[in-house]
Amino acid sequence: MSDYIEIQCVQKSDRNNPYERILSIGGVDPDGKPWKMSEGFAIDGIKNGRYRFYVNLGGKSLDIIIAKSPHGHEYLKTHADGEEPTNLLRLPECP
């Protein structure tokens with residue numbers, strides 16, 4: 001069974017391309033310890049069934065999915081997003 005983990009922050013690059021903007025995701029685990037992992041590591045974890053992620057926006061849990069940019073780059077976004085990862089990019093910057 002995969003871990004269901006809330007993403008509470010992101011680390012962004014200075015790129016303008018929204019598909020390549022997120023470098024890593026992070027949050028705080030149930031024990032209060034901060035965690036952070038690269039977007040690539042998170043994508044691999046989703047693919048191999050180890051992780052499932054979500055964001056909590058306005059009291060709603062939005063599941064994270066893997067999407068592909070028009071150029072074939074894999075990236076994370078919420079199921080509710082359009083093509084760009086808007087809901088993740090709205091999260092605060094990870095410390």
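Every number in this text was worked out from the coordinates using simple rules, so none of it is lab data. Remember, it's a predicted structure, so these values are computed and weren't measured experimentally. As a convention, Cβ positions derive from the backbone with ideal geometry for all residues, glycine included, and neighbour counts pool all protein chains shown.
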Q: Pairs only if they're at least six apart or on different chains, beta carbon under 8 angstrom, first in segment 44-68 and at positive phi and touching a residue at least 12 places away in the same chain (Cβ under 8 Å), second outside any strand (DSSP E or B) and not charged (D, E, K, R); list them, first residue then second.
A: GLY49/SER2
Q) Since GLU93 meets every condition but one in (1) surrounded by 12 or more Cβ atoms within 10 Å (Cβ to Cβ); (2) more than 18 Å from ILE5 (Cβ to Cβ), which condition does it not meet? A) (1)
**Q.** Residues of segment 19-42 satisfying the condition of being under 14 Å from TYR75 (Cβ atoms) and crowded, with 17+ Cβ neighbours inside 10 Å
**A.** TYR19, ARG21, ILE22, SER24, ILE25, GLU39, ALA42
Q: Kindly indicate the residue of segment 3-17 that is in contact with a helix residue (DSSP H, G or I) (Cβ under 8 Å, 6 or more places away or on another chain) and surrounded by fewer than 18 Cβ atoms within 10 Å (Cβ to Cβ) and also nearest to THR86 (Cα to Cα) among those meeting that condition.
A: LYS12
Q: List the number of the failed condition for ASP31; all other conditions in (1) of a type outside the set (Phe, Trp, Tyr); (2) touching a helix residue (DSSP H, G or I) at 6+ places or on another chain (Cβ under 9 Å); (3) part of a loop (DSSP other than H, G, I, E, B) hold.
A: (2)
